[in-house]
Amino acid sequence: MEQCVLRRLRLILLIAVLAMTSGCALHHAGHVRPWAKPSLFLRPRFVGQSPTSLTQRTVQFLRQHNLDSSLNEDPRTLLQKVQKVIREEPQADNVYAYAEISYVLAKRVERSQPRLALDFYSGTVLKAYQYLFDPKFASTRNPYDPRFRGACDLYNDALEAALRIVRANQSLQPGTAFSVRTADGYWTLTCTICDRRWQAEDFGAFEFVSDYRITGLRNHHVYYGLGVPMIAVRKNYPGEPPAARYYPPDLS
């Protein structure tokens, strides 16, 4: 089941990162300005009251399984114990608890140990996706449960945080791969071009849409869902196709 979840996750990740538009240049009708997106904990709170706290339901999960004292232990050891509970009691709420715990642990170490945070964010993405889509939870999945929306937020925020770490290590380029380690295995993810109209050499930089805000337009059309929208900026290179001379500057 984890392999199936991973394949679906990889598809969404690739679409989120590489599904470029057919090519557009900004016109003067509006402006794009950098801005700081409110963090997950400054929006409606489906997780803890701060980036390093857990919701009451997850704290209760830890108490019920005698794991509340483990919060001060090695974080990988704690996640291994939570994964053991999931194997013994494969329930959606237990999977959600893992996703939330892993997210909070990632926040705690993100600045000091970004490589470790990448593993924890990846664990959150995997478990949040499993909570939302694993067929074995179909009969008990409740879209009215606040955890359903919480799983969507955890998925999106953890995926974006993970991709930011990957980009900082210069690994977010077509053809590159990076590995992550979670409590239930090792995973290797590859950045792949899905649109044959573009070559690896065309990709210069990737920017996160959440870092920018469009101003000057009356109507804003937003699509909601799972994934991390990104902007791929094209670069010029020797030997590029003749048509490239007609591309506008900073094609994205």
Note to self: Tally up the residues in the stretch 141-186 that are in a helix (DSSP H, G or I), touching a residue at least 40 places away in the same chain (Cβ under 8 Å) and not polar (S, T, N, Q), please.
What the structure shows: 20
Notebook entry, point to check: Do we have any residue at all in the stretch 214-226 that's touching a helix residue (DSSP H, G or I) at 6+ places or on another chain (Cβ under 8 Å), surrounded by 14 or more Cβ atoms within 10 Å (Cβ to Cβ) and modelled with pLDDT of 80 or more?
Noted result: yes
Check: Name the residues in the stretch 147-195 that are among the polar types (S, T, N, Q) and closer than 24 Å to Ala92 by Cα, would you?
Finding: Asn156, Thr182
Next item on the list: Of the numbered conditions (1) among the aromatic types (Phe, Trp, Tyr); (2) without any contact (Cβ under 8 Å) to a residue 60 or more places away in the chain; (3) surrounded by 18 or more Cβ atoms within 10 Å (Cβ to Cβ); (4) under 29 Å from Glu207 (Cα atoms), Tyr96 fails exactly one; give the number of that condition.
Entry: (4)
Next item on the list: Would you be able to tell me the number of residues in the stretch 143-164 that are within 17 Å of Lys107 (Cβ to Cβ) and under 11 Å from the mean Cα position of the chain (by Cα)?
Entry: 12
Checklist line | Unique residue being farther than 30 Å from Arg234 by Cα and surrounded by fewer than 23 Cβ atoms within 10 Å (Cβ to Cβ) when the list is Gln170, Gln83 | finding: Gln83
Notebook entry, point to check: When you scan the stretch 168-192, how many residues do you find that are under 16 Å from Phe206 (Cα atoms) and either touching an Asp or Glu at 6+ places or on another chain (Cβ under 9 Å) or of a type in the set (S, T, N, Q) (or both)?
Noted result: 8
Item checked: the stretch 64-74 - residue that is at pLDDT below 95 and in a helix (DSSP H, G or I) and, of those, surrounded by the fewest Cβ atoms within 10 Å (Cβ to Cβ) -> Asn72
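The values are calculated or read from the model by the stated rules, or taken from the named source; none is laboratory data. Given the structure is predicted, the values throughout are model-derived calculations rather than measurements. When we count neighbours, we look across all protein chains shown, and the Cβ atoms used for this are built from the backbone with ideal geometry, even at glycine.
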